[in-house]
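Q: Okay, here's the structure, questions in a sec.
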Amino acid sequence: VELLKRGPECPVGNGLITKERHFLILQILDVFCRDPFGGLKALQMLWRSIPDPFIAMDELTSVFTEQQNSSFIEEICNFIEEITGEEVTEERRCQPRKLKHKCRIVIRRALSNNFQLSTGISELNLPPSLAAFLRLEH
């Protein structure tokens, strides 16, 4: 049984989702199938470092073939919720990330562009909770 849509059914080819979004969902699926417990922390860190909106159910189902049962998709939704800390919504309205998260992305990018990401956070004299947030700890 085929797991993913291919060829003319591929959601990227027919314009349902972007290539980047498709790749992000495939990365999540790969970790889910190979080592969900070992890869969870890495995916949480990755998700905290990118500005992408949350994944919607129709994006997720556009990737899978019709043969996939609902319990498999539900398990993946639960895994995505563990990664993002947010529920997978039903419709494709792009649910934006919080302003606090957007600020984290901008600050980390500015530090990275100035080659200060590894040491710069501690030099900002922020409260410990904000410094931990910038270090992607939560």
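Q: Taking residue 84 as the residue in question, decide whether it is hydroxyl-bearing (Ser, Thr, Tyr), modelled with pLDDT of 85 or more and either touching a Ser or Thr at 6+ places or on another chain (Cβ under 9 Å) or closer than 23 Å to residue 19 by Cα (or both).
A: Numbers: hydroxyl-bearing (Ser, Thr, Tyr): yes; modelled with pLDDT of 85 or more: yes; either touching a Ser or Thr at 6+ places or on another chain (Cβ under 9 Å) or closer than 23 Å to residue 19 by Cα (or both): yes.
Yes.
Q: Moving on to the next point. Among helices (runs of 4 or more DSSP H) lying entirely in segment 30-86, which contain 3 or more residues that are more than 30 Å from residue 107 (Cβ to Cβ)?
A: On the way: elements: 36-48, 57-63, 70-84.
Ranges flagged: 57-63, 70-84.
The values are calculated or read from the model by the stated rules, or taken from the named source; none is laboratory data. The shown structure was predicted, so the numbers you read here are calculated from the model rather than taken from an experiment. A quick note on method: Cβ atoms are made from the backbone with ideal geometry, for glycine too, and the neighbour counts reach across all protein chains shown.
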